[in-house]
Amino acid sequence: MVLQVVTLSLLVMVVYSFPTVASYDDVIQIGVYNMSLPTDELFQLFKDTQERKYEHVTEEKKRRQIFADNVRYINKHNAQYASGESTYYLGINQFTDMTYKEFAVKFANLRDEHIFTGNASIVFQPENYKAPSSVDWRQKGYVTLVKNQGKCGSCWSFSVTGTIEGQNFRKTGQLVSLSEQQLIDCSRNYGNQGCDGGYLKETLQYVTDAGGIEGEADYSYKGKDVYPCSFSASKVRATIRGYSSVPNGEKNLETSTATVGPIAVAIEVNQNFMSYTGGVFYDADCSKTSIGGHAVLVVGYGSSPSNYWLVKNSWGITWGEAGYIRMAKDRNNMCGIASRAVFPRV
């Protein structure tokens, strides 16, 4: 099964704290990878760790060269981090034998939203509302464990299930992991393309019209397009009445996050995002250097060591900070995080 979760004990260790990396020596040893090793040794370790096997010698040589280029890029950036020129650091992960363009085609393929309203509403922010200085909906039980979309370009489905899971918990008091595979298999009439990308608003509209969504336990994740759709209304674990769009702007996203719960958002992802491993992600050129969009889940925000959005990704626990990324907040709408935010009405 492509879907991955972490054990409760590991979750407790990583959910409420973040790693501290302060010197260049610290970014030499990142997880199992000693970045000072010769390329061949590091590549072999990568293949063993990622269980990577290539069909042909020529393909392996190609991947080794891409891997070496990415490692040089990572080390160069981490030297800047160690000298205080960057607020985040990079590392080897499941994408390190891919070019950024290859990565973007497969994992940054969120569809550009066209004009679509459906059963939608616009959030009217409370007047004179003062948001708390920090929010973490994981501590309130709204957030399921980190999942892994695998090789399927289905980020949009994970973002949607994440925001529905939160609102379903608010309504019922039960945290149920919901089915991304149902969304992949059954929502093509709403413009979604399964593992080749999809939309946030249209997917929420699909769940509304379908009469709900099944749980992961009944409609499990396969990480590929499966035909035909096998949705069963008798197995629905959550229902929604439509969705609400958050007006553009970080203040509006902050208020919605604080008052509603986890929010589905669309962001632009660049090469540094691909290799992100820790710290507060601030990249002034994020949107300028990005060639693709990605859907994630804002589950809170904080202020130490600087203001950040707490974002749950769907690339497993070996990416980023145990599957999460802290993205710079109140810094000119970093990577467009506050431009296309939505959540379900339950």
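The residues of region 87-245 expose on average 42 square angstrom of accessible surface per residue, using a 1.4 Å probe on protein heavy atoms. A straight chain from Asp225 to Asn75 at 0.36 nm per residue would run longer than the Cα-Cα distance by 50.3 nm.
Centre-to-centre separation between the Cα atoms of region 171-241 and those of region 272-346: 24 Å.
Rounding to the nearest 20 debye, state how big the charge dipole of the chain is about its Cα centre with +1 on each Lys and Arg Cβ and -1 on each Asp and Glu Cβ. Intermediate results must be reported in sequence, preceding the final value.
Numbers: 34 positive and 34 negative charges, 114 e Å.
Rounded to the nearest 20 debye, it is 540 debye.
About its Cα centre, region 213-273 has a charge dipole of approximately 200 debye under the convention of +1 per Lys or Arg Cβ and -1 per Asp or Glu Cβ, with nothing else charged.
Given a 1.4 Å probe and every protein chain left where it sits, what share in percent of the accessible area of region 281-346 is carbon and sulfur? C and S fraction of accessible area: 46 percent.
What is the extension gain from Lys235 to Lys251, computed as 0.36 nm multiplied by their sequence separation minus the C-alpha to C-alpha distance, in nm to one decimal?
Value of the extension gain: 2.0 nm.
Figure note: Lys62, Lys224 ranked by solvent-accessible area, largest first, 1.4 Å probe, ligands and nucleic acids not counted: Lys224, Lys62.
How do the peptides 44-54, 286-296, 77-87 rank, highest first, by the average count of neighbouring beta carbon atoms within 10 Å per residue? Don't skip to the answer; put the middle values down first.
On the way: 44-54: 13.5, 286-296: 20.5, 77-87: 15.6.
Packing order, densest peptide first, comes out as 286-296, 77-87, 44-54.
Based on DSSP H segments of at least four residues, each scored -39500 (n - 2.57), the chain has a per-residue ellipticity at 222 nm of -9500 deg cm²/dmol. What translational diffusion coefficient, in µm²/s and rounded to a whole number, does the Stokes-Einstein relation yield for the chain at 37 °C and a viscosity of 0.692 mPa s, taking the hydrodynamic radius as the Kirkwood radius over Cα pairs? Answer, rounded: 160 µm²/s.
The values are calculated or read from the model by the stated rules, or taken from the named source; none is laboratory data. In this text the structure is predicted, and so the values were computed from the model without any measurement. Neighbour counts run over all protein chains shown; Cβ positions are idealised from the backbone, glycine included. Quick note on the areas: whole protein, heavy atoms, side chains included, nothing else; ligands and nucleic acids left out. Shrake-Rupley method; radii C 1.70, N 1.55, O 1.52, S 1.80 Å.
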